[in-house]
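Scroll down for the structure; my scribbles are underneath it.
Values quoted throughout were computed directly from the atomic coordinates according to the rules given, and no laboratory measurement underlies them. Please read these numbers as outputs of a predicted model, since none were measured by experiment. Note that each Cβ is placed from the backbone with ideal geometry, even for glycine, and that neighbours are counted across all protein chains shown.
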Amino acid sequence: MTSEAPIGIFDSGVGGLTVAREIRAQLPSESLVYIGDTLHSPYGPKSLADVRRYSLEIMDELVREGVKMLVIACNTASAAVLRDARERYDVPVVEVIAPAVRAAVKATHNGRIGVIGTEATISSRAYQDMFEAAPHLRITARACPAFVEAVERGDTTSPELIRVAEGYLEPLRAADVDTVVLGCTHYPFLKGVIGYVMGHGTSLVSSDVETARDVYRVLASEGLFNRGSAPATYSYRQTGPDTDAFVQLATRFLGPDVAEVGHLATGVITLPPNRIQEDA
């Protein structure tokens, strides 16, 4: 591992691209390798044991490739595998739950915070347990499994989605929360509908910006900033076979930044001989 090595980012699909975008914005000299496990997405309905297996397989590959840091850009995977990852690898590991919790504690005025996420994330109590360090807070947690499917099919505005969001978010409104943690990296793409249903005065907290700040802090403390003269490069891959669908969604949500996506086979992982990269 060298300071010129890329940062490895892993998510179950396209959601983690929000984290990758913020890392690029805050650290434009850093190269990134992004892998979305679209073959097994969504993670939310799956057991934490399965999520752990999928996650470690991909992170093992990223470490073999020589990344200098791992970013688990998936709330469900963070809940399932964070402790294992920090014990298993010799590179720093950054996740998305703690940064969002810190931001929510700062944002709330009435001490009532809502947390929405996948079924696995909410049932793991990863967020609820972390908020227990601030016992004055009142936490209302709600699983919103259909949100990931909506993002993955590119739906952010349909009447059906609005109706689903109203059903999911009614307990948060009834609890008078003033801050909602978007406990899945897909959910920032749904800020419009979530904000519409929750109404004015509700703060929406996502982990992308705060996670990128954590990445910056870790690189600074470990002396791992890229000081090389070569321009940063960005590699995007997915495990599912339909790379065109990944590109279409990523381009819709993030613009032409993600122009091409390579394929990463899972099982016994085999890589294509030439990874698709972009020059910064």
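So how do Asp178, Asp208 line up by other beta-carbon neighbours within 10 Å, fewest first?
On the way: Asp178 16, Asp208 24.
The most exposed by this proxy come first: Asp178, Asp208.
List the residues, sorted by chain then number, that are 5 or more residues from Ala141 or on another chain and whose placed amide H is less than 5 Å from its amide H.
Excluding prolines and chain starts, which carry no amide H, the hits are Val115.
Estimate the FRET efficiency between Ser29 and Asp242 by the formula 1/(1 + (r/R0)^6), using the beta-carbon distance for r and 30 Å for R0, to the nearest 0.05.
Computed FRET efficiency for Ser29 and Asp242 comes out at 0.40.
Place +1 on the Cβ of every Lys and Arg and -1 on the Cβ of every Asp and Glu in segment 46-167, take the dipole about the Cα centre, and give the residue among Ala120, Val101, Val151 whose Cα lies farthest towards its positive end.
Val101
Using alpha carbons only, what's the Rg to Rh ratio of segment 97-207 with Rh from Kirkwood?
0.94
Describe numerically, in nm with one decimal, the distance between label points set 7 Å from Cα along Cα→Cβ at Thr251 and at Ala174.
4.4 nm
Taking each pair of different alpha-carbon atoms in the chain once, compute 1/r for the pair, average those values, and report the inverse of that mean as the Kirkwood hydrodynamic radius in Å to one decimal.
18.9 Å
Residue by residue through segment 108-124, what is 3J(HN,Hα) from phi via Karplus (6.51 cos²θ - 1.76 cosθ + 1.60, θ = phi - 60°)? Round to whole Hz and write x for glycine and proline.
The phi angles translate into 6, 10, 9, x, 10, 10, x, 10, 10, x, 6, 4, 5, 5, 5, 5, 6 Hz.
Whose amide H sits under 5 Å from the amide H of Val94, counting only residues 5 or more places off or on another chain, with H placed in the peptide plane?
Long-range HN contacts for Val94: Leu70, Val71, Ile72.
Roughly how many debye, to the nearest 20, is the charge dipole of segment 97-207 about its Cα centre, given +1 on each Lys and Arg Cβ, -1 on each Asp and Glu Cβ, and no other charges?
Here segment 97-207 has a charge dipole of around 320 debye.
Beta carbons within 10 angstrom, averaged per residue: use that to sort the peptides 35-41, 69-75, 232-238, highest first.
Values: 35-41: 23.6, 69-75: 28.3, 232-238: 21.3.
Top to bottom by mean Cβ count within 10 Å: 69-75, 35-41, 232-238.
Of Ser3, Ser78, how do they rank once you tally other Cβ atoms within 10 Å and put the fewest first? Don't skip to the answer; put the middle values down first.
On the way: Ser3 14, Ser78 28.
Taking fewest neighbouring Cβ atoms as first place, the list is Ser3, Ser78.
About the Cα centre, and with charges only on the beta carbon of Lys, Arg (+1) and Asp, Glu (-1), how big is the dipole of the chain? Nearest 20 debye, please.
600 debye
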